[in-house]
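The values are calculated or read from the model by the stated rules, or taken from the named source; none is laboratory data. Since we're looking at a predicted model, the values are computed, not measured. We place every Cβ from the backbone using ideal geometry, glycine too, and count neighbours over all the protein chains shown. What goes into the accessible areas is simple: the full protein's heavy atoms, side chains included, and nothing from ligands, DNA or RNA. Shrake-Rupley method; radii C 1.70, N 1.55, O 1.52, S 1.80 Å.
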Amino acid sequence: MAAFTAVRAAVSFTQRFVRVSRDCSVCPLYRLNVCTGAAVDGFSAPNRRLRTSIGVCQSADSSSPEEDQRVVNVVFIDRSGQRIPVKARVGDNALHLAHKHGIELEGACEASLACSTCHVYVSSEHYEKLPEPEEREDDMLDMAPMLQENSRLSCQIILTPELDGMELTLPKVTRNFYVDGHVPKPH
Amino acid sequence: MLTGVRGLSSSSGPRVCIVGGGPAGFYTAQQLLKARQDAAVDIYERLPVPFGLVRFGVAPDHPEVKNVINTFTQTAQHERCSFHGNVNVGKDVTIDELRQAYHAVVLSYGAEGNRSMGIPGEDLPGVFSAKDFVGWYNGLPSNKELHPDLSFETAVILGQGNVALDVARILLAPVEMLKETDITQNALEALAGSKVRRVLIVGRRGPLQIACTIKELREMVNLPNTRADMLPADFEGIAEALKDLPRPRKRLTELMMKAVKEGGDDKAEKCWGLRFFRSPVEVLAGADEKRAAGIRLALNKLEGSGESVRAEVTGQLEDVDCGLIISSIGYKSIPIDPAVPFDPRRAIVPNEMGRVQDTAGLYCSGWVKRGPTGVIATTMNDSFDTARVLIQDMEAGKLDLSVNKPGAQAITALLQTRGVRMVLFSQWEKINAEEEKRGKSLGKAREKLLDVDEMLKIRNVFISIFF
């Protein structure tokens, strides 16, 4: 529980350091038509703001009337195989959602497509429903250990109604332990 | 009187000391603090300022990569963590003294040296290690007097990893791309007046062995006002090999092939090229014998296959005229203290999964543990591994936690008697604010302080205001 609070505090703290860029066309919220159009400047209301790969947009958990309140059920499967079902909403960002629920998913570059630490596997029937990754996401995915066909960076996954029931599995990856029991030769 | 310990009364929890305030140190600390609610973690860093290569290695035009500083800041501000800058472990305090004061010590001090090419002429003016060149444009205090001469048309970089590509990009990027970043002002001015127009990036082996990642290569391909100048002969047989490659290698190779085919805008003022199958054998001096004027390369052929492809000499040589030579063939760790085992061949601290060989209570994480390769995410995973192993050892009773250890209180007192002026995290925050303020007046993200003495002066001002 303390870890969850600490993670949440970390996320809200880091959100105070965002810089704003106005190029909406590459933002995942805009591309999925779930942007509430409230791109903002300044440092108001942390916890309401989500830094995406290109700038800052108002996240879907704001109190604007046009926002979609539809529930999307997502299941996170953590590195020990434990299933953590979460109730989320259309427009939520999967990485942000993971942090909100204390799931052990790092987001070192804070959703700016400059790392691969938020790498997840997407349940295959939902993988098809996600928009194609942009080239920059593919470039970062190339660096993720244990890359699979259904790999995505969770910071680029924005929830839509058809993703209801999606399962996001954290790769069981470390440097020393491989899923198949392989032990790397000491170098 | 400022002490290093934040509101932590005599606790009986484990006290861990981390040597090195870069990504490895901070990620190891983060994991330890999360896994044990009774653990206190102290980070000791040689410079007054934290963050290691995130501050001094990551290129100025990659600010998003530096976002990780926010996570590290959170860790440093944790009530059970304290940061002590300007402490030279090995000189101001020994590893044995740290081991006496803490239940466990983690070495995360990275790789501050560089591999040398080992060729004649390497010490001529005009030849630099990539580590120093990067340190120069990133404001590492020990590189501030580098003064690289950028008045030559051609630069040759040996090595084809991400560091080599960063250097090439910084040399050829339009100044507009750099002038709002945190690049140092003197580097920015030097680059604005640079005559370098052509950069060759040279590797021993072939295109399928190139060590850089696709993001950095794509940045070169997309660099404004530059064109790619590759040798099609270097790419013989590559197209046929594509289909069997794993995805990351395949995409990277496809991008290179595209650059070979398309080349780029012929009218572009600047050009860059990859050169394969070439190893440096001598730096050639100019007619006056006073500085580098060229480099002699030996042509290789590849033997073996798969992971064990190696370069073998053919006997053929090639000379390239150039006035700037940058060797980017790897960073290298150095031993920190005679009490710590060190493997000089691999230049790492010998260890088994992060436990230092034959030395109970001593661990390592990051580049000093595995060698100087990998991005921040690699170091993150590695540091988490070491932290897990340390926690396991605590829980299995391999570390005697029943003994009370004094931790920072004892070490701080010791350092004080030795006249060491420690910089606490709150004092770094003052330095940070000053750098941002100076940057603002120049239209930049920050203007880094280049001088340790200046950093300490700001620290002193902070102390005198509040105490």
Cα-based helix-to-principal-axis angle, B:23-35 vs chain B, degrees rounded to 10:
40
Would you kindly find the accessible area of residue B:353, with a 1.4 Å probe and non-protein molecules such as ligands, DNA and RNA excluded, rounding to the nearest 10 Å²?
60
Listed by chain and number, the aspartates and glutamates with an alpha carbon less than 13 angstrom from that of residue A:100, same-chain partners under 8 positions apart left out, are A:61, A:92
Averaged per residue, what accessible area in Å² does the stretch B:116-329 show with a 1.4 Å probe, protein chains only?
44
The long-range amide H neighbours of residue A:160, using H built 1.01 Å from N in the peptide plane and a cut-off of under 5 Å, are A:91
Check cross-link reach from residue B:440 to the lysines: straight Cα distance under 20 Å, and skip same-chain residues fewer than eight apart.
B:66, B:179, B:430, B:448
Inside 10 Å of the C-beta atoms of A:137-144, what's the mean count of C-beta atoms belonging to other chains?
5
For A:105-116, mean number of other protein chain Cβ atoms within 10 Å:
6
Which GluC sites (Glu not before Pro) from the stretch A:131-168 combine a DSSP loop assignment with at most 15 other Cβ atoms within 10 Å?
A:134, A:149
Just need the relative contact order of chain B here, percent rounded to a whole number, with Cα pairs under 8 Å and 6+ apart.
23
Interchain or sequence-distant (5+) residues whose placed amide H lies within less than 5 Å of the amide H of residue B:227 are B:270, B:271, B:272
Ignore the peptide's own chain and count Cβ atoms of other chains within 10 Å of each Cβ in B:378-388; give me the average, rounded.
3
Of all DSSP beta bridges in the stretch B:116-329, what percent run antiparallel (nearest 5)?
45
Please compute how much accessible surface disappears when B pairs with A, both sides summed, using a 1.4 Å probe, and round it to the nearest 100 Å².
3000
Tabulate in residue order the Karplus-calculated ³J(HN,Hα) for the stretch B:287-293, using 6.51 cos²θ - 1.76 cosθ + 1.60 with θ = phi - 60°, rounded to whole Hz; enter x for Gly and Pro.
4, 7, 6, 8, 8, 5, 10
The stretch B:381-430 - charge dipole about Cα centre, Lys and Arg +1 at Cβ, Asp and Glu -1, debye rounded to 20
380
In order over the stretch B:438-449: 3J(HN,Hα) from phi, Karplus 6.51/-1.76/1.60, θ = phi - 60°, whole Hz, x for each Gly or Pro, gives 5, x, 4, 5, 9, x, 10, 4, 6, 10, 5, 6
A 1.4 Å probe over the protein heavy atoms gives chain B a carbon and sulfur accessible-area percentage of 51
At a Förster distance of 35 Å, what's the computed FRET efficiency of residue B:317 paired with residue B:358, Cβ-Cβ distance as r, to 0.05?
0.15
For the stretch B:271-398, what relative contact order do you get, as a whole percent, if you take Cα pairs closer than 8 Å and at least 6 residues apart?
14
Scan around residue B:83 for amide H atoms under 5 Å from its own, H built in the peptide plane at 1.01 Å from N, and keep only partners 5 or more places away or cross-chain.
B:43, B:425
Checking the stretch A:96-179 for trypsin sites (Lys or Arg not before Pro) in a loop per DSSP with at most 16 other beta-carbon atoms within 10 Å yields A:129, A:172
On C-alpha positions alone, give me the angle between the axis of helix B:162-172 and the longest principal axis of chain B, in degrees, nearest 10.
60
Could you sort A:132, B:436, B:153, A:110 by accessible area so the largest value comes first, with the probe set to 1.4 Å?
A:132, B:153, B:436, A:110
Please compute the modelled spin-label separation between residue B:418 and residue B:243, points set 7 Å along Cα→Cβ, answer in nm with one decimal.
6.4
Can you list the residues of the stretch B:46-90 that have at least 40 square angstrom less accessible area with all protein chains present than in their chain by itself, probe 1.4 Å?
B:64, B:67, B:70, B:74
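What ranking of B:444, B:457 comes out by heavy-atom accessible area, probe 1.4 Å, highest first?
Working: B:444 15, B:457 130 Å².
Ranking B:444, B:457 by accessible area, largest first, yields B:457, B:444.
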Is there a quick way to get the dipole size of chain B? I mean about its Cα centre, with the Cβ of Lys and Arg at +1 and of Asp and Glu at -1; what is the value in debye to the nearest 20?
780
Could you tell me the relative contact order of the stretch B:197-302? Use alpha-carbon pairs under 8 Å, at least six residues apart, and round to a whole percent.
39
Inter-label distance, nm, simple model (7 Å from Cα along the C-beta direction), residue A:71/residue B:132:
6.5
Reachable lysines from residue B:258, Cα under 25 Å, same-chain residues fewer than 8 places away excluded?
B:215, B:243, B:250, B:267, B:270, B:301
Just name one of B:252, B:230, B:287: the one whose Cα is farthest towards the positive end of the charge dipole of the stretch B:220-292 (beta-carbon charges, Lys/Arg +1, Asp/Glu -1).
B:252
